[in-house]
Amino acid sequence: MMMVAAFVATLVSCGGGGGRPNFGDNEYPVVAVGTSSADMQTVYPASIKGIQDVEIRPKVGGFLVQINVKEGQTVSAGQTLFVIDNETYQAQVRQAQATVNTVQQQVNTSQLTYENAKQLHANKVIGDYELQTSQNAYESAKAQLAQAQAALANAKEALSFCFVKSPSAGVVGTLPLKKGALVSGADILTTVANISSMDVYFSVTEKEAMVISQKGIASLPAVKLQLADGSVYAHEGKVSRMSGVIDVATGSVQLIASFPNPDKTLKSGGTGNIIIPRFNSNAIIIPQSCVIEVQNKKFVFLLTEGNKVKYSEIKVDPQNDGNNYIVTEGLKVGDKYVTNGITKLNDGMEIVPITPERYQQKIDEQAKAMSSGDIVNAMKK
């Protein structure tokens with residue numbers, strides 16, 4: 001009994017793979033095309049970035065004397081991350097402050113002189129020339145004071161640059177330089193990434209982008225993110241932005257999906273796949289076993305007038321479950337196609353169509369009619 005069951009399985013598998021039992025009556029199972037609901041999805045390679053990735057560079061050069069953070073540490077906006085040797089800049093501030101003090105005394109003296117000149121002029125002791133000269137000296141002293149104050153402000157600003165602070169809240173990236181290193185504006189001290197929410201970048205074809213533009217980004221469903229280890233991220237995202245430029249090299253358009261990251265699971269710089277679900281309530285689904293693939297093209301045998309079969313090309317959705325295809329072109333509702341024994345067929349060949357149920361019944365009948373020796377010999381072939 002087990003051998004009979006095994007042989008029946010062999011017959012069925014041969015039928016599904018393209019062969020068929022030798023009925024001797026040219027009978028082939030045929031079914032009509034119908035529709036059903038299908039949950040599909042489209043997958044796009046993606047890169048993950050924080051909503052704000054800031055490269056931290058020093059604005060002044062010098063030796064790195066303090067590193068106040070560690071890799072992966074969460075920092076707040078304005079927090080001091082690094083300190084650069086600032087003795088020279090402190091000396092410049094003191095010098096600028098001394099200049100301001102000196103010029104301030106000159107302004108005070110010039111002001112007293114000018115006030116005295118105004119009284120003397122009012123009493124006709126000095127003339128207009130002497131009064132104007134005194135006023136000019138006073139105005140010149142005030143201008144020198146403003147210049148000295150500006151130099152002091154610049155010196156203080158340069159000193160503040162020695163204390164490298166985070167421009168935003170986020171997580172500290174790698175720390176490539178060590179304490180004591182000589183740094184300049186060309187050096188990246190670290191990167192601070194705001195990963196409270198993540199932007200995931202992926203690209204679609206120009207044709208897909210046009211469809212999305214016509215329907216609007218809001219029409220896209222919530223998307224999922226498959227991580228590098230194959231797992232699916234716990235939170236769904238939403239496509240929020242589309243680039244207005246087509247990449248001339250690839251002909252693709254970049255989209256950005258936003259994902260919440262409350263547990264800091266996602267890391268800036270990571271990779272994954274964006275999964276966009278699609279639902280089709282009128283999908284044409286056929287078994288892969290009844291499809292012949294030749295040079296990346298797919299064909300089925302359609303039943304035409306006079307019970308003749310036609311070798312017909314179809315197009316299918318690139319996403320499939322490994323057992324069935326979702327046909328996008330080449331079949332319509334009501335068409336009839338052969339489901340088993342397709343490698344025995346030729347274009348234009350006349351067949352006797354039967355139902356798949358009758359086909360299975362004939363397989364069972366043939367298996368029962370065969371002797372044990374016949375079964376053994378058949379399984380050896």
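The values are calculated or read from the model by the stated rules, or taken from the named source; none is laboratory data. Since the model is a prediction, treat every value here as computed from it, not as a measurement. Note that each Cβ is placed from the backbone with ideal geometry, even for glycine, and that neighbours are counted across all protein chains shown. Heads up: the accessible areas ignore ligands, DNA and RNA and are worked out on the full protein's heavy atoms, side chains in. Shrake-Rupley method; radii C 1.70, N 1.55, O 1.52, S 1.80 Å.
Some values worked out for this structure:
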quantity	calculated
For region 48-134, diffusion coefficient by Stokes-Einstein and Kirkwood Rh (Cα), 10 °C, 1.306 mPa s, µm²/s	85 µm²/s
Share antiparallel - DSSP beta bridges, the chain, percent rounded to 5	95 percent
GNM top mover of Ile351, Ile256, Ile286 - the chain, alpha-carbon springs below 10 Å	Ile351
Using alpha carbons only: equivalent-ellipsoid semi-axes of region 115-268, gyration tensor based, whole Å	64, 25, 15
Fraction of alpha-carbon pairs over 13 Å apart in region 203-249 - percent	65 percent
On Cα atoms only, tilt of 206-215 relative to the major axis of the chain in degrees	80 degrees
Relative contact order (percent, whole number), the chain, Cα cutoff 8 Å, 6+ residue spacing	29 percent
Translational D in µm²/s for region 208-341 (Stokes-Einstein at 20 °C, 1.002 mPa s, Kirkwood Rh from C-alpha pairs)	117 µm²/s
By accessible area with a 1.4 Å probe, ligands and nucleic acids excluded, highest first: order of Lys165, Lys298	Lys165, Lys298
Å² of accessible area per residue within the chain, as computed with a 1.4 Å probe and no ligands counted	57 Å²
Gaussian network model of the chain, springs between alpha carbon atoms under 10 Å - residue of Asn26, Asn320, Asn340 with greatest fluctuation	Asn26
Structure-derived log10 I(q)/I(0) by the Debye sum over Cα atoms at q = 0.09, 0.12, 0.14 Å⁻¹: which label, when the choices are (1) -0.53, -0.99, -1.38; (2) -0.82, -1.02, -1.16; (3) -0.65, -0.97, -1.14	(2)
For Gln66, residues with placed amide H under 5 Å, excluding near neighbours	Val83
For region 199-340: relative contact order, % (alpha-carbon pairs under 8 angstrom, 6 or more apart)	20 percent
Distance in nm between pseudo-label sites at Arg57 and Ser289 (7 Å out along the Cβ direction from Cα)	6.4 nm
Accessible surface of the chain, 1.4 Å probe, proportion on carbon and sulfur as whole %	52 percent
